[in-house]
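Bear in mind that the values in this text are calculations on the coordinates, not laboratory data. Just so it is clear, the model here is predicted, and its values are computed rather than measured. Here the Cβ is made from the backbone with ideal geometry for all residues, glycine too, and neighbour counts use every protein chain on show.
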Amino acid sequence: MTDPKKTIDSAISKMLLKYPDRIPVIVKKGNKEAPDIDRRKYLVPRDITFSTFTCIIRKRLKLKPDQAIFIMANNTLINQSELMTSVYNKYKFKDGSLELTYSTESTFGFM
């Protein structure tokens, strides 16, 4: 019987070799109130900013304008101007993947 962990590690290694300009990202829900996301795995270009990736996730979640999203790596809020390659180098797991957790919060503002 094959070890699922080794299978995942192997799949990530193959992706990194096949797409060296991309980062394997896994997105998980951080709180019960956050909506479910329709897609959890992404191959993200290394040269985009974290804010661009946040916009992608925000669209996939179909959030209302009054809902804020917070995305963290290892319980650390990430600077939105940081490049994905920098985020990846700081927070990647040993298997080569980057796991991010999102939470949402309702916000109120003036019209």
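In a reduced charge model with +1 at each Lys and Arg Cβ and -1 at each Asp and Glu Cβ, the range 18-111 shows a dipole moment near 340 debye about its Cα centre. Taking a Cβ cut-off of under 11 Å around K62, the surrounding Lys, Arg, Asp and Glu residues balance to a net charge of +2, with basic ones at +1 and acidic ones at -1. Which pairs break 23 Å Cα to Cα here: K14/K62; K62/K90; K32/K64; K32/K59; K29/K62; K32/K94? Beyond 23 Å: K14/K62; K62/K90; K32/K94.
For the chain, the normalised intensity computed at q = 0.13, 0.14, 0.17, 0.24 Å⁻¹ comes to -0.52, -0.59, -0.84, -1.41 (log10 of I(q)/I(0), Debye sum over alpha carbons, equal scatterers, no solvent). The modelled label-to-label distance between L77 and L16, using points 7 Å beyond Cα along the C-beta direction, is 3.0 nm. If you plug the beta carbon distance of K64 and N89 into 1/(1 + (r/R0)^6) with R0 = 30 Å, you get a FRET efficiency near 0.35.
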